[in-house]
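The structure appears below as structure tokens.
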Amino acid sequence: MSKQHNSDTTKELQIIAENIRTWQLKKDINNTALCANYDIGSTKTFLALADGNTAGYNPDRWLPKYRTAWNLIQAKESSQLLEETLYDDIYPAMRLRAAFADAMRETGNDRLIIIEGNPGCGKSSSVDCLVKRYGSRIIKAEAAETWRDSINAMLSDLLRAVGIKEQPVSGAAKLDKLIEVLCVRRRGLVIDEAHHMGPRGLNIVKTIINRTPGEVIMMGLPVLLKRLERDAYQEARQLTLNRLCERIKLSGVDPDDAARILERTGGIPADIAQEVSGTIATLATDRGALKFVARVARHIANYGEPTETPDSIIKHATRIAAKR
């Protein structure tokens, strides 16, 4: 019986180590960080166990550590999956999905989508939902302050976003390389923090739309986007008049979206979530929008009572709002 128990323990240890190794390679996590973060011994120990080489390793010592590590990994994956699916059917995500479908059908130059909204309104979450649906067809880049004055910096960042590490030196050659890559197959280019661009940057976007078959999504803050359009009037007009597919303006929180987040993240019954959603959506204004609603929902899930009422939920939300 003892030998059978030891054999079962060894087999389970091998399976868990292999599972962790498969997950690690998929996530592209280096060995040192993995072993340190999950307390599974040295790199040498981990790689030996993952390869099925258990000789010299006491399974009774290592199995509890590997069980704990695998449970943590699975919990993390479940949490990330919930976060990814949480926003699938909220208004901003559905609006962007519909606009992107329209842009994909375009054969002309009307392939620019502009999303404007304050932090927390769902811009990034909507793009994440798009990436989840279309995968590598979507390329994400984040504009930096240096883009305003340096086309070279902008093109370098865009080339890195499409996977080009060894880049040409001149700006013209970089643009040609970017166009070449984007013409291999139709892809969507997302530029976050687009308000950091200047007139020359908008001209680059125009060129990308003119010379490649894909779509461009520009995201930014409303006030700063308006300032960009004012400072780059002619360049902005060429984009918004001749190449715009849709402009999505996000403001506030839709009560139905608030109800969905309260129900899914907070475990609040659907009827109660719907009843309080309007009040919480109002509280979310200028307090982080959807992120505020999610914060309220997580607070209730972690610290709320089993039988929360509409009044008690609103009290939770009001206290959280008062802290911001």
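Coordinate-derived values only; no laboratory data. Since this is a predicted model, take the numbers as computed values, not measurements. So basically every Cβ, Gly included, is an ideal-geometry build from the backbone, and we count neighbours across all protein chains shown.
Most mobile of Glu166, Glu263, Glu106 per a Gaussian network model of the chain (Cα springs, under 10 Å)?
Answer for the Gaussian network model of the chain: Glu166.
Label Asp102 and Ala144 with points 7 Å out from Cα along Cα→Cβ: what is the distance between them in nm?
That separation, rounded to one decimal, is 3.4 nm.
Calculate the translational D of the range 185-324 in whole µm² s⁻¹ from Stokes-Einstein, where the hydrodynamic radius comes from the Kirkwood formula applied to all Cα pairs, the temperature is 20 °C and the viscosity 1.002 mPa s.
122
Quick one: if the Förster radius is 56 Å, what FRET efficiency do Thr279 and Asp51 give, using the C-beta to C-beta distance and rounding to 0.05?
0.50
Multiplying the sequence separation of Asn109 and Lys132 by 0.36 nm and subtracting their Cα-Cα distance, what value in nm do you get?
Taking 0.36 nm per residue and subtracting the Cα distance, the gain is 5.7 nm.
What's the local net charge at Leu49, with K and R +1, D and E -1, over the other residues with C-beta under 9 Å away?
Here the charged neighbours net out to -1.
Divide by every residue of the chain the summed helix terms, -39500 (n - 2.57) for each DSSP H run of at least 4, and state the resulting mean residue ellipticity at 222 nm, rounded to the nearest 500 deg cm²/dmol.
Computed ellipticity for the chain at 222 nm equals -21000 deg cm²/dmol.
Would you mind classifying the chain by shape? Square roots of the alpha carbon gyration tensor eigenvalues, ordered a ≥ b ≥ c; an a/c under 1.5 is rounded, otherwise it is prolate if a/b is larger than b/c and oblate if not.
Cα axes put the chain in the oblate bin.
Projecting each Cα onto the charge dipole of the chain (Lys/Arg +1, Asp/Glu -1 at the beta carbon, about the Cα centre), which of Gly41, Thr279, Trp70 comes out farthest on the positive side?
Of Gly41, Thr279, Trp70, it is Gly41.
Using θ = phi - 60° and the Karplus curve 6.51 cos²θ - 1.76 cosθ + 1.60, what whole-Hz ³J(HN,Hα) does each residue of the range 280-290 get, with Gly and Pro shown as x?
Per residue, the Karplus-derived 3J(HN,Hα) values read 5, 4, 5, 4, 6, 4, 6, 10, x, 6, 4 Hz.
With a 10 Å cut-off between alpha carbons and a GNM built on the chain, which of Gly120, Gly41, Gly201 moves the most?
Greatest mean-square fluctuation among the candidates belongs to Gly41.
What is the fewest-to-most order of Asp8, Asp256 by other Cβ atoms lying within 10 Å of their Cβ?
Asp8, Asp256
For the range 91-249, what class follows from the C-alpha gyration tensor (a ≥ b ≥ c being the square roots of its eigenvalues): rounded when a/c is under 1.5, otherwise prolate if a/b is larger than b/c, else oblate?
Judged from the Cα gyration tensor, the range 91-249 comes out rounded (a/c under 1.5).
Using Cβ counts within 10 Å as a stand-in for footprinting exposure, how do Lys249, Lys26 rank, fewest first?
Lys26, Lys249
Using the Cα centre as the reference, give the magnitude of the dipole from point charges on the C-beta atoms of the chain (Lys, Arg: +1; Asp, Glu: -1; all else neutral), rounded to the nearest 20 debye.
That gives the chain a dipole magnitude of about 720 debye.
Starting from the amide H of Ile139, placed 1.01 Å from N in the peptide plane, find each other amide H under 5 Å away whose residue is 5 or more places distant or on another chain.
Gly188, Leu189, Val190
Just tell me which lysines come within less than 29 Å, Cα to Cα, of Lys27; anything on the same chain fewer than 8 places away is out.
Lys11, Lys44, Lys65, Lys76, Lys123, Lys132, Lys140, Lys165, Lys177, Lys291
What are the ³J(HN,Hα) values, in whole Hz, obtained from phi via the Karplus relation 6.51 cos²θ - 1.76 cosθ + 1.60 with θ = phi - 60°, for each residue of the range 98-113 in sequence order, with x given for Gly and Pro?
5, 5, 5, 4, 5, 5, 5, 7, 6, 10, x, 9, 7, 10, 9, 10
Could you go through the range 121-133 in sequence order and give the Karplus-derived ³J(HN,Hα) for each residue, using 6.51 cos²θ - 1.76 cosθ + 1.60 with θ = phi - 60°, rounded to whole Hz, and x for Gly and Pro?
7, x, 4, 5, 4, 5, 5, 4, 5, 5, 5, 4, 7
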